[in-house]
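Each remark here refers to the structure printed beneath this line.
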Amino acid sequence: MNWRTSRFDFNADYIRFDEAKDQKDTVHLYHGLKDHKNHDPIFDEYYAYYRRGSNGLYLYRVPKEDLKVPRERVRHNKT
C-alpha cells in the first residue's frame, strides 16, 4: 500500500479512494465509506479513516488521538 504523506494535515496519510478496493487491508474501509457523502470516520486500534476531497476522492488515515472534532458553525441572526 502506498500511503502518501499529506502536506495539509499533520500526521495524516492518504491514498486515492479507488485504490482502497484493491488492497486486502483496506477493502473493508472501501465498503464502509462507499457513499461519497459519508464523512463519518471508521476507527481501528490505531487509526481513524475518513474520506476527503471533492466527492470523497481520497481516503485519509490519522492516529486516533489526532482526529480533530469539527467546530460548530455560529449562526448569526439577520436583523
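The values are calculated or read from the model by the stated rules, or taken from the named source; none is laboratory data. This is a predicted model, so every value here is computed, not measured. A quick note on method: Cβ atoms are made from the backbone with ideal geometry, for glycine too, and the neighbour counts reach across all protein chains shown.
Brief remarks on what is shown
- Candidates are the residues of region 10-35 that are under 11 Å from the mean Cα position of the chain (by Cα) and assigned to a loop (DSSP other than H, G, I, E, B); the one that is nearest to Leu57 (Cα to Cα) is Leu33.
- In the condition set (1) at pLDDT 85 or above; (2) on the phi < 0 side of the Ramachandran plot, Arg75 is compliant with all but (1).
- Residue match in region 54-62 (condition: part of a helix (DSSP H, G or I) and in contact with a Gly (Cβ under 7 Å, 6 or more places away or on another chain)): no
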